[in-house]
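Below: one structure, written as structure tokens.
The values are calculated or read from the model by the stated rules, or taken from the named source; none is laboratory data. Remember, predicted model here, so these are calculated numbers, not experimental data. With ideal geometry, Cβ positions are generated from the backbone for all residues, glycine too; neighbour counts draw on all protein chains shown. Areas reflect the complete protein model, heavy atoms only, side chains present, ligands, DNA and RNA absent. Shrake-Rupley method; radii C 1.70, N 1.55, O 1.52, S 1.80 Å.
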Amino acid sequence: MEQLKLTYPSGSEEDYLKELFVHQEEAFNLQFGTVFLKVGTAIPEEGYTRHDQKKIVFIVKGEVRVVLEDNPHFEQIIIEGDTFMVDYFEAHKGIVLKDTKLIYVLFGKKESSC
């Protein structure tokens, strides 16, 4: 068993994401970590991001507006205590409405082409 304290990065542009656990097997990959995002930050800066893994996010503190590329008119405001999951290759972006601390998990088979 491995135990770590839940800590967050400083939130600077270069230090916003901290991996806590990474587990890789031939057919499975898991990443678990924390993120600190400042109000006004857009993730990614332009366009949308997509992952070859599922992603679960838990908002510990703050507020983020999430938009999906396939449905840009649908916007979801995610607040402290909320969680959400993004499916494989589901293009999405976030706009940080309040300074935010979150916990994330990426899991599933990692494609070598992404």
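When the solvent-accessible surface of protein heavy atoms is calculated with a 1.4 angstrom probe, in what order do 60, 96 fall, highest first? Don't skip to the end; give the middle numbers.
Working: 60 50, 96 5 Å².
Largest accessible area first, the residues go 60, 96.
Exceeding 25 Å between C-alpha atoms, which entries from my cross-link table qualify? They are 5/110; 5/101; 61/93; 61/109; 5/109.
Flagged as over cut-off: 5/110; 61/109; 5/109.
For the pair residue 76 and residue 22, how long in nm is the line joining their label points, each one 7 Å along Cα→Cβ?
Here the modelled spin labels are 2.8 nm apart.
Need the full-extension length gain, residue 46 to residue 30, defined as separation in residues times 0.36 nm minus the C-alpha distance. One decimal, nm. Each step should come with its number before you reach the end.
Values: separation 16, 0.36 × 16 = 5.76 nm, distance 2.61 nm.
Length gained, residue 46 through residue 30: 3.2 nm.
How high is the relative contact order of the chain, in percent, with contacts defined as C-alpha pairs under 8 Å that are six or more residues apart?
Relative contact order, the chain: 33 percent.
When the Karplus curve 6.51 cos²θ - 1.76 cosθ + 1.60 is applied with θ = phi - 60°, which whole-Hz ³J(HN,Hα) does each residue of the stretch 66-80 get, with x for Gly and Pro?
10, 10, 9, 4, 5, 9, x, 7, 8, 10, 10, 8, 9, 10, 3
Pairs of Cα atoms under 8 Å, at least six residues apart: use those to get the relative contact order of the stretch 65-113, whole percent. Kindly include the intermediate steps, with their values, before the conclusion.
Working: 34 pairs, mean separation 19.0, N = 49.
Reported relative contact order: 39 percent.
Residue 13: accessible area at probe 1.4 Å, nearest 10 Å²?
Approximately 150 Å² for this residue.
Can you tell me the order of 41-53, 67-79, 97-109 when each peptide is scored by its average per-residue count of other Cβ atoms within 10 angstrom, highest first? Don't jump to the answer; show the numbers that get you there.
Details: 41-53: 13.8, 67-79: 12.0, 97-109: 17.2.
Final packing ranking: 97-109, 41-53, 67-79.
For the chain, what is the accessible area per residue in Å², given a 1.4 Å probe and the full set of protein chains? The partial results should precede the final answer.
On the way: 7500 Å² over 114 residues.
Per-residue value: 66 Å².
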